[in-house]
Amino acid sequence: MIALLALKSLLVGLVFLGALPLILADYQFLLVGWHSRRRHYAHCRPYLPRITILVPAWNEAAVLGTAIDRLLHLDYPAGRLRIIVVDDASIDGTAAVAAVKVAKHPSRVVHLRREEGGQGKAAALNEGLAQVLADDWSQAALIIDADVILGRRALHALTRHLADPAVGSVTGYIREGSRPDNYLTRFIGYEYIVASAAARRSQNVLGVVACLAGGAQLHSRANIEAIGGRIDTGTLAEDTVTTFQTQLAGHRAIFEPHAAVSAEEPMAIAGLWRQRLRWARGNLQVTGRFRGVWFRPGTPGGLGGISFGLIWFSLLLLPMFMLCASASLVTLYFIDYQLALTAFHVLWLTSVLTFLFITSFALLIDPPVGRRTWREALLFPGLVNVLIMATAVVPAVLTLAGGWERGILLFTYVWLAACMAVAYLGKLAEPRWAGRITGPLFVYVAGYGPLLCAIACAAYLKELRHADARWEKTEKTGKAVSPV
Amino acid sequence: MTGHLDPAAREESTEAAEFDAEIKDAVRYEKGLVVKALIALALVALVVLARLLYLA
């Protein structure tokens, strides 16, 4: 009897553990409201350092020429800006495009050609950083991707924070910018409001930033020197490692939401899968690499803070929480039907309230993107999960099911985990017959969020198997448009 | 007075004015987020009330 009671308590505890990431998400969004009181603007000054922009380029011929032209025309004093293109042994026309730009702007554009490429972005960046530190000209370095487009005044918005010597690096707000867009880029557009515009604001409030966006991060020269003048090449998340190193070196990392940067994102599940698998594996590697900092409040830069640790691990382990909650509900269903039902209601009511709060707030944080992506925002958890949330709010709906009520409940308990597998089917369906219809259908029904969780599961497995950590670059075609 | 400044000083003063305007805009936007958070919370409160009073 006592053993059964202990088992039931454990199972209910595991179900409620599934609510932890939701509660932490609410906490982060509440902190966003606090951003107006904990912003860094009081320490900003007009500051225009000499900046070297590093553009790592591996087969970027399609976007490089336009990217360089745009950078040269940024609203920033021409004599204070130079560009280094690190051509990572490209085999397309990248070298030719770079050579044309160097010939046209010999004092402002430098072309560094690596003869051995494909070792990842960090390896290419290190060639550029060596050049930055080789003379005294650069007071700061901006690391960007070849496809990103900075807003006209974005550099000003970033550099003003470096006027405070305590700040080592600053990142901007990366917006999804592909035009014409499709269903997937709209999901990504909404995701970036949540993961960038909102989450990074909350990190500003906490005083610790998890990741400076690799597509646009500005470092002071002092910070580059403090982190050893090099970018880590040992993980797939070089931007996160740099962010951690910056803060461990005693410098602040800042997110500037008003430095708008536009980036091209994958338009197919296969491309998204490759990109996010790299990010998810990178985050797992970073977790292990910095295992000495978690939940140690004395760690420099706030990285050891309890809140920060909880947020980091709740995202990293989100698929595990979902699997545990699902398995626990199914077990409870068979040993104590009523208890399972109560636990289900608590979990899903938490989901509903979190979903309502986060979705409505996120759409208001960036209204232009919100207007374009509100449908994807509503279906972010997937159509089935939205219907389940509706039954949690209006339980009477279940009585309409008559004798099917128990079967439907069991389905909802299983679906919490199964939605990830169904979302994965979207990836399998996409290249097959009618994949242009079935691929998106699986994502809308099972959810974009569960698709990301499925990718995280794939990352767990790859890391457990110590699979080859190759740098699989996202293909860019120059579809991004200016953020302003 | 601005007309008597040399080009570098004029550029600096323009830059300072633009900086002030941008900071003011950014701060106003960030303060507006508090209102937006309250709107979102009000929506949540409405659903909780409806659930407790009518839909339980």
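The values are calculated or read from the model by the stated rules, or taken from the named source; none is laboratory data. Since the model is a prediction, treat every value here as computed from it, not as a measurement. Cβ coordinates were reconstructed from backbone atoms using ideal geometry, including for glycine residues, and neighbour counts include every protein chain displayed.
Have a look at A:308, A:355, A:361 and point out the one that is at pLDDT 95 or above and under 24 Å from residue A:446 (Cβ atoms).
Working: A:308 fails: under 24 Å from residue A:446 (Cβ atoms); A:361 fails: under 24 Å from residue A:446 (Cβ atoms).
None of the other options fit; the residue is A:355.
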Next on the checklist: residue A:398 - would you say it is surrounded by fewer than 22 Cβ atoms within 10 Å (Cβ to Cβ) and either out of contact with any helix residue (DSSP H, G or I) (no Cβ under 6 Å at 6 or more places or on another chain) or not in a helix (DSSP H, G or I) (or both)?
Outcome noted: no
Checklist entry - Does residue A:220 satisfy the criteria of being more than 14 Å from every other protein chain (Cβ to nearest Cβ) and in contact (Cβ under 8 Å) with a residue 24 or more places away in the chain? => result yes
Checklist entry - If the Cβ limit is 9 Å and pairs must be 6+ apart or interchain, which residue in region A:348-367 that is facing chain B (nearest Cβ under 7 Å) pairs with which residue that is surrounded by fewer than 20 Cβ atoms within 10 Å (Cβ to Cβ) and of a type in the set (Asp, Glu)? => result A:353/A:26; A:357/A:26
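Could you check region A:238-262 and list, in sequence order, the residues that are within 14 Å of another protein chain (Cβ to nearest Cβ) and either over 24 Å from residue A:41 (Cβ atoms) or buried (at least 23 other Cβ atoms within 10 Å of the Cβ) (or both)?
Within region A:238-262, the first condition is being within 14 Å of another protein chain (Cβ to nearest Cβ), and the residues that meet it are A:254-260.
A:254, A:255, A:256, A:257, A:259, A:260, listed by residue number.
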Next on the checklist: Need the failing condition index for residue A:182 against (1) polar (S, T, N, Q); (2) surrounded by fewer than 22 Cβ atoms within 10 Å (Cβ to Cβ); (3) in contact with a helix residue (DSSP H, G or I) (Cβ under 6 Å, 6 or more places away or on another chain), just the number.
Outcome noted: (3)
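Take region A:127-154 and flag every residue that is more than 13 Å from every other protein chain (Cβ to nearest Cβ) and surrounded by fewer than 21 Cβ atoms within 10 Å (Cβ to Cβ).
Just the residues of region A:127-154 that are more than 13 Å from every other protein chain (Cβ to nearest Cβ), to begin with: A:127-150.
Result: A:127, A:130, A:131, A:133, A:134, A:135, A:136, A:137, A:139.
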Next on the checklist: Which condition from (1) within 30 Å of residue A:449 (Cα to Cα); (2) in contact with a Ser or Thr (Cβ under 7 Å, 6 or more places away or on another chain); (3) not polar (S, T, N, Q) is the one that residue A:62 breaks?
Outcome noted: (1)
Checklist outcome for this item: Flagged pairs (Cβ under 8 angstrom, 6 or more apart or on separate chains; first in region A:155-169, within 11 Å of chain B (Cβ to nearest Cβ) and closer than 22 Å to residue A:262 by Cα; second part of a helix (DSSP H, G or I) and acidic (Asp, Glu)) are A:156/B:18; A:156/B:22; A:157/B:22
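How many residues does region A:256-287 hold that are charged (D, E, K, R), within 17 Å of residue A:187 (Cα to Cα) and in a helix (DSSP H, G or I)? It would help to see each step written out before you state the result.
At the first step, the residues of region A:256-287 found to be charged (D, E, K, R) are A:256, A:264-265, A:274, A:276, A:278, A:281.
Okay, now just the ones that are also within 17 Å of residue A:187 (Cα to Cα), so A:264-265, A:274, A:276.
Right, trim to in a helix (DSSP H, G or I) and you get A:274, A:276.
Number of matching residues: 2.
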Next on the checklist: Take the conditions in a helix (DSSP H, G or I), modelled with pLDDT of 95 or more and not small (Gly, Ala, Ser) and apply them to residue A:380. Does it pass?
Outcome noted: no
Next on the checklist: The conditions are (1) within 26 Å of residue B:40 (Cβ to Cβ); (2) of a type in the set (Gly, Ala, Ser); (3) surrounded by fewer than 24 Cβ atoms within 10 Å (Cβ to Cβ), and residue A:172 fails exactly one of them. Which is it?
Outcome noted: (3)
Checklist outcome for this item: Inside region A:42-58, the number of residues satisfying the requirement of being touching a Gly at 6+ places or on another chain (Cβ under 7 Å) and facing another protein chain (nearest Cβ under 9 Å) is 0
Next on the checklist: Just the residues that are of a type in the set (Gly, Ala, Ser) and surrounded by 14 or more Cβ atoms within 10 Å (Cβ to Cβ), please, taken from region B:12-38.
Outcome noted: B:26, B:37
Item to check | Top-ranked residue in region B:6-56 [being more than 7 Å from every other protein chain (Cβ to nearest Cβ), within 28 Å of the chain's Cα centre (by Cα) and small (Gly, Ala, Ser); ranked as farthest from residue A:39 (Cα to Cα)] | outcome: B:45
Item to check | residue A:377 within 14 Å of chain B (Cβ to nearest Cβ) and either surrounded by 16 or more Cβ atoms within 10 Å (Cβ to Cβ) or more than 22 Å from the chain's Cα centre (by Cα) (or both) | outcome: yes
Checklist entry - Can you find even one residue in region A:163-172 that is under 28 Å from residue A:355 (Cβ atoms), in contact with a Phe, Trp or Tyr (Cβ under 9 Å, 6 or more places away or on another chain) and assigned to a helix (DSSP H, G or I)? => result no
